[in-house]
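Taking it in order: structure first as structure tokens, then the write-up.
The values are calculated or read from the model by the stated rules, or taken from the named source; none is laboratory data. All values reported here derive from a predicted model rather than from experimental measurement. Using ideal geometry, Cβ is built from the backbone for each residue, glycine included, and neighbour counts are taken over all protein chains shown. Surface accessibility is based on the protein's heavy atoms, side chains included, excluding ligands, DNA and RNA. Shrake-Rupley method; radii C 1.70, N 1.55, O 1.52, S 1.80 Å.
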Amino acid sequence: YLSIKPKLVAKWDVEEDGKIWVFHLREDVKFHNGKLFTAKDVEFSLLNLLKKDSIKKADMSIIKGAKEYTDGKSKEVTGIKVLSPNTLRIELTQPFQPFIGMFTAPNFEIIPDNFAGQSEADFFQHPIGTGPFKFDMIDPEKTIRLIANDDYFLGAPKLKSIIFQKANIKEATEGFNKGYYHDLEWYLDIDPKTITRSYTMLKTPSAAIYFIAFNMKHKPLDNVHVRKAINLSIDKQKLLAECFPDRTLANGFIPPSIGGYYPDIPKVEYDLKQAQSEIKLAKLSKEELSHQLVILRPDNHPCGDRFGKFIEDSVKKIGMNIKVQQIQLGKLYDDYYWSRKFDMFNMYFTADHPEAWVLLNQFRSTHPDNFTGIKSAQIDALLDQASVTYDRHERFKLYQQIQLVLQRDVPVIPLFYNLYTSIYQSNVRGLIRYPLTIYALPMRTIYFDEKDTVNFTN
């Protein structure tokens, strides 16, 4: 499993069984504007994440005084204290062992105190960080350009600049074949047979789970027998062979690279006869059975129409009427996901935390991003127990128990564990991938023989 290593911090201390965390920061780190990185910057960054409109406020609400700050009842967070320029103390409302992993997520970026004297809007138009590359320019429609940070505390990167270029599959393939692009990133559904130049392919197991989710507040999906029937009616092995031949079939919701993965979870095999039995147990009326349900799916996901037809044909065999509708990802989120105005959706979630906590906590009854609407006292109790369990292997066992509950109650149908796939020019060196998040590309290590710019297409 993945483990956490210090980077911007020299070390951290844990007190009171995980209720108090004391971070001792490195003293040789500078922001891209030359300012020294201090505990005040970390405090400001945390307060920024606790603002009312922050998507991470729920994850940080475990900090003492965080809720009062988010609700506007206090101007400070009592649990965050700057003890010295390089020491920060965080007190939680209760012991919480997975807390340190929260800081590995890309959303938990550290930014300079008071936005380095700029307005928030101006700062994020030209952001400042501490990494090996610093922001240079952006064309919102096409391009982001980064340039080397020669003062990076771990040593200057080998490249002078990197350009991230947005392109469709046709543009990306043609650009790569002409030598303009040096790397085609993982989620482009590119057929290697269309690549005419010498290349290297890197496939890395990711921390992503590809699945179908049910809105358990929509009838008849509130009926567990209906959800079980749909799950049993899909021949996932055949689906993978037809659409995703290089992926690994998922039996549980947690990918293998994440702490809490359950390799021995019982398999849910395709079983049409049992699926038909579950539909009978659901005791649906003719109207309920014939009512069309919709699975929303991002239109840039691989296997488009073939995936939709496979699912639609599968559930017809149990008498259900389901339509797979492809939709732009932003629209899916804005118009359906956040308002919970969906029957089902199909996408992948990627863990940005080295433990199963971040994926499983979304099934907590009271979690604001409980996207299925599941209410399970058993899951809630297991999550509570995991949060205060010091031994990580004992926590992992609790995560495995939660996956058994998910398998029994079927708020989601796990399909497969995703891969990161990079196709890059044969002269590129030092490109490696980590499973955690799509952003985990350590660019400082990349180099190549020519004195040129490396372009990453996404």
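Listed values, structure above:
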quantity: Checklist (1) buried (at least 18 other Cβ atoms within 10 Å of the Cβ); (2) more than 29 Å from G304 (Cα to Cα) applied to P127, failing item; calculated: (1)
quantity: Test: residue in the stretch 135-155 that is part of a strand (DSSP E or B), over 24 Å from D352 (Cβ atoms), touching a residue at least 12 places away in the same chain (Cβ under 8 Å) and among the polar types (S, T, N, Q); calculated: yes
quantity: One residue from D183, D191 being of a type in the set (D, E, K, R), open to solvent by 20 Å² or more (accessible area, probe 1.4 Å) and more than 20 Å from the chain's Cα centre (by Cα); calculated: D191
quantity: Qualifying position, being aliphatic (A, V, I, L, M), touching an Asp or Glu at 6+ places or on another chain (Cβ under 7 Å) and more than 21 Å from T38 (Cα to Cα), among I163, I147; calculated: I147
quantity: Residues (open to solvent by less than 90 Å² (accessible area, probe 1.4 Å) and of a type in the set (A, V, I, L, M)) located in the stretch 279-291; calculated: I279, A282, L284, L289
quantity: Test for L272: is it hydrophobic (A, V, I, L, M, F, W, C), open to solvent by 70 Å² or more (accessible area, probe 1.4 Å) and modelled with pLDDT of 95 or more; calculated: no
quantity: Selected residue [buried (at least 17 other Cβ atoms within 10 Å of the Cβ) and at pLDDT 90 or above] from K228, K217, K238; calculated: K228
quantity: Filtered residue count, the stretch 349-370, keeping only those that are open to solvent by 60 Å² or more (accessible area, probe 1.4 Å) and out of contact with any helix residue (DSSP H, G or I) (no Cβ under 6 Å at 6 or more places or on another chain); calculated: 1
quantity: Those residues of the stretch 80-111 which are more than 29 Å from A207 (Cβ to Cβ) and of a type outside the set (V, I, T), in sequence order; calculated: K81, L83, S84, P85, N86, R89, E91
quantity: Cross-chain or 6+ apart pairs with Cβ under 6 Å, the stretch 12-28 first and under 12 Å from Y390 (Cβ atoms), then assigned to a helix (DSSP H, G or I); calculated: G18/Q97
quantity: Sole exception among (1) in contact with a Lys or Arg (Cβ under 6 Å, 6 or more places away or on another chain); (2) open to solvent by less than 20 Å² (accessible area, probe 1.4 Å) for V294, by number; calculated: (2)
quantity: Meets criteria (aromatic (F, W, Y) and open to solvent by 20 Å² or more (accessible area, probe 1.4 Å)) for F108; calculated: no
quantity: Close pairs (6 angstrom Cβ cut-off, 6 or more residues apart or separate chains): among the acidic types (D, E) in the stretch 76-94, open to solvent by 40 Å² or more (accessible area, probe 1.4 Å) and outside any strand (DSSP E or B) anywhere; calculated: E91/K64
quantity: 3 or more residues in contact (Cβ under 8 Å) with a residue 12 or more places away in the chain and under 30 Å from K166 (Cβ atoms): qualifying helices (runs of 4 or more DSSP H) within the stretch 282-399; calculated: 304-316
quantity: Qualifying positions in the stretch 69-82 - within 13 Å of I20 (Cα to Cα) and open to solvent by 40 Å² or more (accessible area, probe 1.4 Å); calculated: T78, K81
quantity: Residues located in the stretch 45-68, provided they are under 16 Å from F23 (Cβ atoms) and open to solvent by 40 Å² or more (accessible area, probe 1.4 Å); calculated: K64
quantity: Residue match in the stretch 85-102 (condition: open to solvent by 50 Å² or more (accessible area, probe 1.4 Å), of a type in the set (A, V, I, L, M, F, W, C) and within 19 Å of V14 (Cβ to Cβ)); calculated: no
quantity: Hey, D139 surrounded by 12 or more Cβ atoms within 10 Å (Cβ to Cβ) and acidic (D, E) or not; calculated: no
quantity: Options G260, G252; residue that is over 15 Å from I212 (Cα atoms) and in contact (Cβ under 8 Å) with a residue 60 or more places away in the chain; calculated: G260
quantity: Filter pass, D380 being within 22 Å of D222 (Cα to Cα) and open to solvent by 20 Å² or more (accessible area, probe 1.4 Å); calculated: yes
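Yes or no, residue by residue, for (1) within 29 Å of N300 (Cβ to Cβ); (2) modelled with pLDDT under 95; (3) of a type in the set (S, T, Y); (4) in contact with a strand residue (DSSP E or B) (Cβ under 9 Å, 6 or more places away or on another chain):
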| position | (1), (2), (3), (4) |
| --- | --- |
| S365 | no, no, yes, no |
| A381 | no, no, no, no |
| K397 | no, no, no, no |
| P411 | yes, no, no, yes |
| Y420 | yes, yes, yes, yes |
| V428 | yes, yes, no, yes |
